[in-house]
Amino acid sequence: MAQAVLTIDLSAIRANWYALAAMGRAETAAVVKANAYGLGADRVAKTLAQIGVRRFFVAEAQEGVALRRALGPGPEINVFSGHMTGDTAAIRDAELTPMLNSIDQMLRHVEALPGHPFGIQLDSGMNRLGMEPGEWAALRDIALSQKPRLVMSHLACADERDHGMNAFQLQTFRQMTDGIGAPRSLSATGGILLGTDYHFDVTRPGIGLYGGLPFVDAAPVAALDIPVIQVRDLVPGESVGYGNTWVARKPSKIATIAGGYADGIIRAMGPKAYVWAGETRCKIVGRISMDLIAVDVTHLDDMPETVELLGRHQFVDTLGDAAGTIGYEILTSLGNRYARRYVGA
Ligand SMILES: *Cc1c(COP(=O)(O)O)cnc(C)c1O
């Protein structure tokens with residue numbers, strides 16, 4: 001069967017959650033937006049709910065609706081995009097908690113769903129989502145009288161431990177929220193690693209749960225094994241793939257494997273990426289095409305049935321480096337053609 005197998009280790013996700021939770025005393029939530037970074041929001045969220053996670057974050061209301069269906073009543077589902085026009089029914093019916101990010105959203109929410117839970121997002125310097133200090137000053141007393149479930153902000157540079165922006169945003173967030181009497185949240189994975197000053201009442205890890213940087217000690221979660229379809233011998237001067245970009249300099253063995261850019265194996269990574277055959281690293285050669293990739297296996301004694309693109313030897317961030325991107329994008333690009341196998345349930 002020429003189908004690659006994506007193995008998702010739920011026990012590694014649990015271990016990563018426990019490790020991040022043990023770094024402080026805050027309630028540790030879980031960010032499962034974008035289908036849990038491509039790994040399957042249903043399975044991931046159910047696994048985490050079973051070990052006691054009571055609060056989840058998604059990017060938009062429709063993700064929240066699907067998550068509520070998977071989790072049932074109980075856990076709080078917070079929506080980063082807040083209360084958008086057209087989302088009222090979803091927020092009400094799926095009992096979502098929108099993280100309101102502007103005065104307009106606040107007005108929309110209290111008009112459409114008076115008494116319905118909400119949270120608040122503040123901008124402490126990233127200038128992406130959230131109320132500015134001036135807006136917050138104007139709204140603060142009214143908003144707090146309605147008992148927000150959470151008041152949060154987001155760090156722009158938390159993956160760089162020594163970046164001055166971290167302390168600046170911490171101070172800004174404190175100035176905006178000290179003494180408010182509502183639960184507070186500032187940190188995603190990177191912020192958790194900055195230390196407990198950054199934790200407040202609730203932390204919001206995403207990538208760290210899924211085995212990516214900046215959580216260097218994360219257990220790897222995703223493994224991707226790709227079948228070899230064919231192996232051929234080349235004589236010096238023969239070329240491989242579109243555009244003849246790779247030419248054999250010596251007698252070579254080339255394996256063609258069953259994956260390509262349509263599976264989220266980013267084409268630009270071709271010149272720098274490797275796969276693993278057992279314990280041996282093999283270079284990708286020529287251009288990555290839509291469904292196929294060529295690999296130099298000249299140095300192998302035995303031809304493998306499958307090769308590893310992600311797994312024990314190669315984590316998402318190694319592959320991200322090869323593609324000039326980050327582990328987050330590797331995970332969220334993982335394709336729909338893989339056979340998905342969950343282990344460690
Ligand atoms: C995506 C996101 C998170 C999770 O970030 P990670 O770096 O994956 O841990 C937390 N908070 C907000 C606002 C986000 O957008």
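The values are calculated or read from the model by the stated rules, or taken from the named source; none is laboratory data. Model, not experiment: these values are computed from the prediction. All Cβ positions, glycine included, derive from the backbone under ideal geometry; neighbour counts span all protein chains shown.
Values as computed for the structure displayed
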{"read-out": "Qualifying residue in segment 177-195 (condition: modelled with pLDDT of 95 or more, in a loop (DSSP other than H, G, I, E, B), more than 28 Å from His109 (Cβ to Cβ) and not β-branched (Val, Ile, Thr))", "value": "yes"}
{"read-out": "Residues (touching a Pro at 6+ places or on another chain (Cβ under 6 Å) and closer than 20 Å to Pro98 by Cα) located in segment 138-175", "value": "Arg149, Leu150"}
{"read-out": "Residue in segment 222-239 that is of a type outside the set (Lys, Arg), within 16 Å of the ligand (Cβ to nearest atom) and modelled with pLDDT of 95 or more present", "value": "yes"}
{"read-out": "Test: residue in segment 48-56 that is hydrophobic (A, V, I, L, M, F, W, C), out of contact with any Leu (no Cβ under 6 Å at 6 or more places or on another chain), over 29 Å from Pro220 (Cα atoms) and not assigned by TED's automatic domain parsing to the domain that holds Leu310", "value": "no"}
{"read-out": "Test: residue in segment 30-45 that is among the β-branched types (Val, Ile, Thr) and more than 16 Å from the ligand (Cβ to nearest atom)", "value": "no"}
{"read-out": "Lone qualifier among Val151, Val202 - being in the same structural domain as Gly72 (by TED's automatic domain parsing) and touching a residue at least 60 places away in the same chain (Cβ under 8 Å)", "value": "Val202"}
{"read-out": "Residue tally, condition part of a loop (DSSP other than H, G, I, E, B) and within 20 Å of Tyr328 (Cβ to Cβ), over segment 208-258", "value": "11"}
{"read-out": "Residue that is farthest from Val275 (Cα to Cα) [pool: residues in segment 1-44 that are surrounded by fewer than 19 Cβ atoms within 10 Å (Cβ to Cβ) and in contact with a Ser or Thr (Cβ under 7 Å, 6 or more places away or on another chain)]", "value": "Gly24"}
{"read-out": "The one condition in (1) more than 16 Å from the ligand (Cβ to nearest atom); (2) outside the structural domain of Ala156 (by TED's automatic domain parsing) that Phe215 fails to fulfil", "value": "(1)"}
{"read-out": "Any hit, segment 201-212, residues being of a type in the set (Lys, Arg), touching a Lys or Arg at 6+ places or on another chain (Cβ under 9 Å) and either closer than 24 Å to Asp317 by Cβ or modelled with pLDDT of 95 or more (or both)", "value": "yes"}
{"read-out": "Residue satisfying condition, being assigned by TED's automatic domain parsing to the domain that holds Phe118 and touching a His at 6+ places or on another chain (Cβ under 9 Å), within set Gly40, Gly86, Gly82, Gly74", "value": "Gly82"}
{"read-out": "Matching option when the condition is of a type in the set (Val, Ile, Thr) and touching a Gly at 6+ places or on another chain (Cβ under 7 Å), among Ile120, Ile51, Ile103, Ile77", "value": "Ile77"}
{"read-out": "Answer from Ala248, Ala273, Ala222 - the residue that is surrounded by fewer than 21 Cβ atoms within 10 Å (Cβ to Cβ) and small (Gly, Ala, Ser)", "value": "Ala248"}
{"read-out": "Residues (over 12 Å from Lys253 (Cβ atoms), in contact with a strand residue (DSSP E or B) (Cβ under 9 Å, 6 or more places away or on another chain) and not in a strand (DSSP E or B)) located in segment 275-302", "value": "Gly278, Gly286, Arg287, Ile288, Leu292"}
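Yes or no, residue by residue, for (1) of a type in the set (D, E, K, R); (2) surrounded by fewer than 20 Cβ atoms within 10 Å (Cβ to Cβ); (3) under 20 Å from Tyr37 (Cα atoms):
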{"site": "Gly286", "(1), (2), (3)": "no, no, no"}
{"site": "His299", "(1), (2), (3)": "no, yes, no"}
{"site": "Met303", "(1), (2), (3)": "no, yes, no"}
{"site": "Gly327", "(1), (2), (3)": "no, no, yes"}
{"site": "Ile330", "(1), (2), (3)": "no, no, yes"}
{"site": "Arg341", "(1), (2), (3)": "yes, yes, yes"}
{"site": "Gly344", "(1), (2), (3)": "no, yes, yes"}
